[in-house]
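The structure under discussion appears below in the form of structure tokens.
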Amino acid sequence: MIRLRSSLFALAAIACGFSSLASAAPSSTLRVITKPIEPFAFKADGKDTGFSLELWARVAQEMGVKYEVTWVKTVPELIDALAANKADVAVAAISITSEREKRIDFSQPYYESGLQIMVGPGSGNTSSYPLLTNLMTWDFAKLLGMLALALLVSSHVLWWFEHRNNPESFPSSYRHGVWESLWWTSSVLITGGCENKAPTGVGGRLVAIIWMLTGILLVSYITGSVTSAMTVRSLTTGINGPNDLPGQVVATVAGSTAERYLNDRKLEVRSFPSLDEAANALTAGNAKAVVYDAPVLLYRALKGTSGGAHVVGHVFEKQNYGIALQQDSTYRKQVNEILLRLSEEGVIADLRRKYFGSEE
Ligand code: GLU
């Protein structure tokens, strides 16, 4: 009887030992979950790769843990999996938000991001010299032509009146004289006067008066054209920032922070399962803009896969990416320490260089 009891005790002790071991290290192979978001998490030649997945591989190596990766489609699925204890770690381009923080935990941020806008080919501000493009009109060319002609004619007439009595200011040789006269007419037009020479004869002064009056008119006319070109620019270049979005159909990816941003602002949103599909809607003309994570849009533009679509305006709604963990995860402290160390050692900067070509 005593022997039976003691062997029962021994069995119970072994069982207890196993269960406490299991709770200290929930599984020897970590369950990592991710979703496609190039260049942070994607498959290339059948292999899992990307900025975040490579970073995670380094973290896991430092932690000395094995892991296996499962792919899902959206960020909410990642968060649900963590909350339901179906995964231990989620890595993609997951923005740290207060709402998500309520259900799961995040590591230190490892990438500063935000939202940006992509517009279709032919819209937005495509020219690097927008003012110049607006000014390069036939009318403006005619105006400049008229100005050149008026300068030439008045310089000739002035020289003709002045060259006999006033050769010091307007030399009598044709080429030299007209050149000096042109200097006078241009100076008067642009600066309102010319210091070292002046017409002295009656004819010359009459020409000068007429030229000065014409100059005032011409200068005001040109100023007016430049101003209107600038106004036209601000009226016609379409979407250049988040303030231009109201009234437009905006495409984005379902479950993303971009979708949340657009919905909060009551904008007209079309959500798609992937960025490719959102971008297709843009090219097909079913949406006027795509709002999504800035680095993802820029990477796409850099790779030339955006089919003429381009990124406009500045980054807004700043957000940071972190590694997502279960609420009160025992791995959090270790992951944070390693992330900080990898950042100090320049590993994160190297990844930036690898995927974005710069450390910025
Ligand atoms: N940073 C975005 C988010 O956390 C990514 C969205 C996505 O992966 O589709 O919501």
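The values are calculated or read from the model by the stated rules, or taken from the named source; none is laboratory data. No experiment lies behind these values; they were computed from the predicted model shown. Every residue, glycine among them, receives a Cβ derived from its backbone with ideal geometry; neighbour counts consider all protein chains shown. SASA here: full protein model, heavy atoms, side chains in, ligands and nucleic acids out. Shrake-Rupley method; radii C 1.70, N 1.55, O 1.52, S 1.80 Å.
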Taking the range 261-290 and keeping residues within 12 Å of the ligand (Cβ to nearest atom), open to solvent by 50 Å² or more (accessible area, probe 1.4 Å) and either outside any strand (DSSP E or B) or touching a His at 6+ places or on another chain (Cβ under 9 Å) (or both) leaves P273, D276, E277
Have a look at A258, A229, A208 and point out the one that is part of a helix (DSSP H, G or I), touching a Leu at 6+ places or on another chain (Cβ under 6 Å) and away from the ligand (no atom under 16 Å from the Cβ). A229
Selection over the range 291-331 where residues are at negative phi, among the small types (G, A, S) and more than 14 Å from the ligand (Cβ to nearest atom) yields a count of 4
State which residue pairs qualify: first residue within 11 Å of P76 (Cα to Cα) and inside the range 94-106, second residue among the hydrophobic types (A, V, I, L, M, F, W, C) and in a strand (DSSP E or B) in any location, beta carbons under 8 Å apart, and separation of 6 or more residues or different chains. I94/F106; I94/I323; I94/A324; R100/F106; R100/A324
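Where in the range 30-131 are there strands (runs of 3 or more DSSP E), lying wholly inside it, with at least 3 residues that are within 16 Å of the ligand (Cβ to nearest atom), open to solvent by less than 10 Å² (accessible area, probe 1.4 Å) and modelled with pLDDT of 95 or more?
Details: elements: 42-44, 47-49, 66-71, 104-119.
Fully inside the range 30-131 and qualifying: 104-119.
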Of the numbered conditions (1) modelled with pLDDT under 95; (2) away from the ligand (no atom under 16 Å from the Cβ), L340 fails exactly one; give the number of that condition. (1)
Can you pull out the residues in the range 310-348 that are among the aliphatic types (A, V, I, L, M), closer than 20 Å to A57 by Cβ and either assigned to a loop (DSSP other than H, G, I, E, B) or open to solvent by 40 Å² or more (accessible area, probe 1.4 Å) (or both)? L340
Of (1) at pLDDT below 95; (2) within 19 Å of E38 (Cα to Cα); (3) assigned to a strand (DSSP E or B), G307 satisfies every one except (3)
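Residues of the range 211-223 being touching a helix residue (DSSP H, G or I) at 6+ places or on another chain (Cβ under 8 Å), open to solvent by 70 Å² or more (accessible area, probe 1.4 Å) and within 11 Å of V188 (Cβ to Cβ), which ones?
From the range 211-223, those touching a helix residue (DSSP H, G or I) at 6+ places or on another chain (Cβ under 8 Å) are 211-212, 214-215, 218-219, 221-222; that's our starting set.
When the remaining residues are screened for being open to solvent by 70 Å² or more (accessible area, probe 1.4 Å), the result is 212, 221.
Within the range 211-223, just M212 meets the criteria.
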